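Some notes on the structure that comes next.
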Amino acid sequence: MTTEQSDAAGGRAGSASRPAPGDTPPDATPDIGGGTDTAAPAGGAGGIDTAGGDGGTGTGGADRAGVDEAGTNGRAGTDGKAVTDTKTEARDEAEATRSGTGDTAKAGDVATRGEKDGEDAGDPWTAFGPAPDPVLTRPRRAVRAVGRFVVHEWTLAAVASLALAVLMTWPTLRYPRYTLPQDYWDPSLQSWQLAWSGHILLTDPGQLWSSNTFFPEPWSFAFSDTLLGYAPAGMIGAGPEDALLRYNIMFVLAHALATFGAYALARQLGAGRIGGAVAGASYAYAPWLLAQAGHLHILSNGGIPLALAMLARGHGWSLRHGYRPRRRHAGWAFAGWLVAAWQLSLGFGIGLPFAYLLAGVVLVSAVVWFVRRRRVKRPFGRRLFLADLLGGLVFAAVGAALAVPYFKVAELHPNAARTLGDIQLYSPPASGFFTAPAESRIWGELHEGARAALPWHPEMTLLPGFVLYALAAGGLFFSVWRVRHRLFLLAGVLVTMALAMGTRFLDGRFTYVPLFEHLPGWNGLRTPGRMMLWTTLLLGLLAAGAVTAFCARVREVAAERVPPWPGPWLRLATLVPLLLVVVEGLNVTPHPVVPRQPAVMRTVDGPMLVLPSSQNLDQPVMLWSTDRFQRMVNGGSGFTPDSQAQAREATVSFPDFASVDYLRRRGVKNVVVLRDRLAGTPWEGMLDRPVDGLGVTREDVGDAVVYRL
């Protein structure tokens with residue numbers, strides 16, 4: 001029998017016992033999972049899995065049994081063939097040796113045996129054999145893992161976001177211990193907030209909400225948004241210079257996180273890399289945000305899109321591809337809830353609308369699940385349900401715990417509540433959507449006249465970017481998003497714009513006013529224009545859809561060109577939208593030098609009062625207290641407590657009997673007067689008044705005067 005005949009016989013022997021398509025072998029075995037599979041027609045593909053799982057389809061157990069049976073017979077045929085081939089090859093090799101010729105396959109076998117015996121026959125066919133897998137040592141595996149991490153998309157996106165943040169916020173990190181972006185009033189307050197939260201959580205967490213300012217008012221830490229989520233950073237360093245350094249670092253990181261978060265959301269929804277980059281840059285560096293450079297609690301918004309991206313990833317959902325159950329991941333969903341809770345801890349100014357959005361999404365999802373539960377088997381999943389349940393409870397618990405102090409403040413200080421008159425004062429007209437703040441390098445000077453027509457331009461210059469407007473408009477007609485999704489995004493843009501106008505749009509009767517009157521906590525938001533944050537995010541998603549479609553078309557055109565040399569130039573053109581968005585976000589934000597801490601602040605004990613005192617003057621004083629956190633009457637926030645207003649009024653005549661008696665009854669031990677700040681204030685001539693007969697001692701400490709009561 002020749003080799004070919006033996007191969008044919010072996011093949012027939014192996015295939016003779018293989019079942020025909022559609023047949024079920026008699027020895028079908030149960031699945032490993034404990035159930036049995038039912039073989040479907042045509043080879044059993046698509047059999048229903050009854051061993052448990054998500055109800056997916058797979059190859060039936062009958063088909064596997066047939067494969068096993070065929071494999072057994074095939075091996076038997078191979079063994080028989082091996083015995084026959086041994087004799088045949090020996091005879092053929094002898095004939096080939098005598099005749100000087102031989103079959104190529106037989107020569108290859110001889111060469112292989114020669115190599116096994118240590119002889120190198122130089123057979124070129126051995127190059128087609130599979131190379132053995134290299135055995136990697138532990139150091140090489142570690143290096144390879146690090147390399148994969150370094151070049152991963154999310155690593156590169158994070159590094160690019162950070163580098164862009166450093167450049168776009170420059171010179172924030174040039175002198176980070178001495179300057180602050182925009183001004184040194186609200187940023188000084190927020191620098192103190194970061195320092196206080198870190199200090200008190202390390203020393204006496206139970207006194208978190210009773211800060212060292214606004215003495216003797218309780219719950220004083222809740223007089224403003226707290227930035228409590230940055231408390232871990234506040235645990236590092238001490239004193240005003242470290243507080244400034246900490247603030248400037250968090251200022252840059254907030255921009256980086258906003259870019260990265262919006263990029264992640266756009267990518268999860270189905271945008272390409274460049275489209276995602278456009279969404280990230282437009283969200284973090286929209287021109288209207290330049291007017292908010294002194295409000296870190298507004299700029300710290302990156303957790304919003306990042307949490308939405310993680311929740312969408314965990315639920316296997318994207319805008320472009322819809323719901324994909326196999327991509328569900330309970331861990332991502334739970335992490336998304338944690339990020340949302342952290343975002344809420346940074347402040348209710350932008351966190352409250354985010355919380356209501358998540359509540360609305362949960363409500364709509366529950367209704368959709370209830371409607372479709374009979375049509376889709378296990379559309380949600382037990383693990384994902386538990387992740388959402390636990391994550392939602394954590395989010396709700398954080399929100400409730402943070403809301404309690406603010407409700408206490410509202411109860412103790414009725415003057416802290418906002419009114420519709422306040423909302424009307426800060427409501428921007430429609431022209432604000434096309435007006436840039438003075439800090440915009442591109443449009444600042446050109447829009448000076450338009451800003452002058454606005455009643456309160458710092459909160460009414462709401463331009464998200466003309467480039468973003470153009471890209472979003474193009475995304476309505478040319479995009480990777482479906483038409484209905486584009487319409488949904490457009491509706492979201494229009495609704496959020498109407499909310500941002502406050503009472504300027506139809507007097508707010510159908511937009512802002514119902515929310516103000518009926519949603520708990522909404523009456524604490526006095527600046528409707530900050531709803532522009534959501535408008536910017538939705539515009540960025542529309543733009544991402546258009547840029548992604550444009551990039552896909554460019555790749556098609558580049559692939560069709562012969563020769564393909566214009567390809568790189570065409571692909572480079574896809575970066576133009578990103579470049580234009582970044583250029584429009586350039587700024588001329590000032591970075592003033594913060595007044596240095598007086599030496600007296602490092603020696604005088606509290607409770608104390610620093611004069612002169614006002615909203616703006618007290619904010620640097622709060623920063624100066626970060627060495628010792630002594631208790632003080634001074635403090636700046638979104639409102640002025642009655643007790644603080646009374647203290648300022650009573651001390652205008654200080655030092656005299658009435659003012660000294662008032663301060664003693666309040667528990668104040670020392671009064672610090674800053675000489676260089678008295679000019680032009682109601683306390684201007686106080687240093688010329690005598691203290692005889694008041695039981696008060698006076699001491700000069702550097703440029704300050706200390707009155708000890």
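The values are calculated or read from the model by the stated rules, or taken from the named source; none is laboratory data. The shown structure was predicted, so the numbers you read here are calculated from the model rather than taken from an experiment. Cβ sites come from the backbone with ideal geometry, for glycine too, and all protein chains shown count toward neighbours. Remember, those area values only see protein heavy atoms, side chains included, never the ligands or the DNA or RNA. Shrake-Rupley method; radii C 1.70, N 1.55, O 1.52, S 1.80 Å.
When we screen D676, D661, D700, D618 for residues that are surrounded by 18 or more Cβ atoms within 10 Å (Cβ to Cβ) and outside any loop (DSSP other than H, G, I, E, B), the only hit is D618. Out of curiosity, is S637 at pLDDT below 95, closer than 22 Å to V409 by Cβ and assigned to a loop (DSSP other than H, G, I, E, B)? Yes, satisfied. Only one entry of L253, L245 meets the criterion of being surrounded by fewer than 24 Cβ atoms within 10 Å (Cβ to Cβ), more than 19 Å from the chain's Cα centre (by Cα) and at pLDDT 95 or above, and that entry is L245.
Among the residues of segment 211-251, those identified as of a type in the set (S, T, Y) and closer than 23 Å to L617 by Cβ are S211, T213, S220, S224, T226, Y247. Taking the criterion of being open to solvent by 10 Å² or more (accessible area, probe 1.4 Å), assigned to a helix (DSSP H, G or I) and either closer than 12 Å to Y247 by Cα or touching a residue at least 24 places away in the same chain (Cβ under 8 Å) (or both), the residues of segment 163-187 that qualify are L164, V166, M168, D186.
Exactly one residue out of T651, T626 is open to solvent by less than 40 Å² (accessible area, probe 1.4 Å) and free of Cβ contacts under 8 Å to residues at least 60 places away in the same chain, and it is T651. A count restricted to segment 121-162 and to residues that are aliphatic (A, V, I, L, M), modelled with pLDDT under 85 and either open to solvent by less than 100 Å² (accessible area, probe 1.4 Å) or closer than 25 Å to A254 by Cβ (or both) stands at 4.
I236 - would you say it is hydrophobic (A, V, I, L, M, F, W, C), over 30 Å from Y406 (Cβ atoms) and open to solvent by 20 Å² or more (accessible area, probe 1.4 Å)? Answer is no for this residue.
Only one entry of P429, P455, P414 meets the criterion of being under 22 Å from G294 (Cα atoms) and not β-branched (V, I, T), and that entry is P455.
Based on what the data block shows, is Q190 of a type in the set (S, T, N, Q), within 22 Å of the chain's Cα centre (by Cα), more than 30 Å from A552 (Cα to Cα) and assigned to a helix (DSSP H, G or I)? Spelling it out, Q190 is indeed of a type in the set (S, T, N, Q), within 22 Å of the chain's Cα centre (by Cα), more than 30 Å from A552 (Cα to Cα) and assigned to a helix (DSSP H, G or I). Number of residues in segment 579-612 that are open to solvent by less than 40 Å² (accessible area, probe 1.4 Å) and either under 30 Å from G465 (Cα atoms) or polar (S, T, N, Q) (or both) equals 9. Right, D703: more than 30 Å from A222 (Cβ to Cβ) and free of Cβ contacts under 8 Å to residues at least 12 places away in the same chain or not? No; evaluated as a whole, the condition is false for this residue.
Counting only helices (runs of 4 or more DSSP H) that sit wholly inside segment 476-572, those with at least 1 residues that are in contact (Cβ under 8 Å) with a residue 40 or more places away in the chain, open to solvent by 20 Å² or more (accessible area, probe 1.4 Å) and of a type in the set (K, R) are 483-500. The residues of segment 201-219 that are over 10 Å from R631 (Cβ atoms) and in contact (Cβ under 8 Å) with a residue 40 or more places away in the chain, listed by number, are W209, E217, P218, W219. Screening G585, G567, G545 for residues that are more than 25 Å from V166 (Cβ to Cβ) and at pLDDT 95 or above leaves exactly one candidate, G545. Screening the candidates A436, A470, A450 for the property of being open to solvent by less than 20 Å² (accessible area, probe 1.4 Å) and of a type in the set (A, V, I, L, M, F, W, C) yields one hit, A436.
For every residue, the table says whether it meets (1) touching a helix residue (DSSP H, G or I) at 6+ places or on another chain (Cβ under 7 Å); (2) of a type in the set (G, A, S).
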position: D242; (1), (2): no, no
position: G261; (1), (2): yes, yes
position: L265; (1), (2): yes, no
position: L296; (1), (2): yes, no
position: L308; (1), (2): yes, no
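Among helices (runs of 4 or more DSSP H) entirely within segment 318-427, having at least 3 residues that are open to solvent by 20 Å² or more (accessible area, probe 1.4 Å) and of a type in the set (D, E, K, R) singles out 382-412. Within segment 573-605, the residues that satisfy the criterion of being in a helix (DSSP H, G or I), closer than 25 Å to Q619 by Cα and touching a helix residue (DSSP H, G or I) at 6+ places or on another chain (Cβ under 8 Å) are M601, R602.
S210 meets the stated requirement of being of a type in the set (S, T, N, Q) and assigned to a loop (DSSP other than H, G, I, E, B). Scanning segment 292-317 for residues that are under 25 Å from H255 (Cβ atoms), open to solvent by 20 Å² or more (accessible area, probe 1.4 Å) and touching a residue at least 60 places away in the same chain (Cβ under 8 Å) turns up H295, H297. Answer yes or no as to whether L476 is closer than 15 Å to G545 by Cβ, over 23 Å from the mean Cα position of the chain (by Cα) and among the aliphatic types (A, V, I, L, M). It is true that L476 is closer than 15 Å to G545 by Cβ, over 23 Å from the mean Cα position of the chain (by Cα) and among the aliphatic types (A, V, I, L, M). Filtered by the rule that a residue be touching a Ser or Thr at 6+ places or on another chain (Cβ under 9 Å) and either basic (K, R) or closer than 16 Å to R504 by Cα (or both), segment 400-421 gives a lone residue, L420.
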